[in-house]
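Visitor: The structure that follows is given in the form of structure tokens.
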Ligand code: FES
């Protein structure tokens, strides 16, 4: 069973925004898309840019370093779906956002 960790309050992350949170020593990018929360690996596969600091447009976050985009729901690049970032399970309990690392996370 994945271990869920409380990372933020719902009101801390308004719709259309994201932030970087820590889950068991790993930096994870957490986003609010119209009230639904999604979490992906914070580290851009291109050169390590911080995706939690990227601009969010709908379900797509743009890496702040060189502009690669990722779907925060699927982890895939729309321009090249072979390049992905890991997606993390998210759970809402009351007004708390909880995130777990995926089981195969490395
Ligand atoms: S590090 Fe993310 S696009 Fe280059």
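Readers should treat all values here as calculations from the given coordinates under stated rules, not as data from a laboratory. Values in this document were obtained by computation on a predicted structure and should not be read as measured data. Glycine also receives a Cβ, built like all others from the backbone with ideal geometry; neighbour counts cover every protein chain displayed.
Visitor: When segment 82-106 is examined, which residues are found to be away from the ligand (no atom under 16 Å from the Cβ) and assigned to a strand (DSSP E or B)?
Guide: Within segment 82-106, 87, 88, 90, 91, 92, 93, 96, 97, 98, 99 meet the criteria.
Visitor: Those residues that are in contact with a helix residue (DSSP H, G or I) (Cβ under 8 Å, 6 or more places away or on another chain), over 14 Å from residue 85 (Cα atoms) and in contact (Cβ under 8 Å) with a residue 60 or more places away in the chain, I need them from segment 12-36; list them, please.
Guide: 21
Visitor: Does residue 71 meet the test of being without any contact (Cβ under 8 Å) to a residue 24 or more places away in the chain, touching a strand residue (DSSP E or B) at 6+ places or on another chain (Cβ under 8 Å) and over 20 Å from residue 2 (Cβ atoms)?
Guide: yes
Visitor: Could you please let me know if residue 30 is within 9 Å of the ligand (Cβ to nearest atom), closer than 21 Å to residue 101 by Cβ and touching a strand residue (DSSP E or B) at 6+ places or on another chain (Cβ under 7 Å)?
Guide: Taking the combined requirement at face value, the residue does not satisfy it.
Visitor: Same structure, new question: Among the residues of segment 65-80, write down those that are within 15 Å of residue 31 (Cα to Cα) and either assigned to a loop (DSSP other than H, G, I, E, B) or within 10 Å of the ligand (Cβ to nearest atom) (or both).
Guide: 69, 70, 72, 73, 74, 75
Visitor: Still on this structure, please answer the following. Can you report the number of residues in segment 33-64 which are more than 14 Å from the ligand (Cβ to nearest atom), surrounded by 15 or more Cβ atoms within 10 Å (Cβ to Cβ) and in a strand (DSSP E or B)?
Guide: 5
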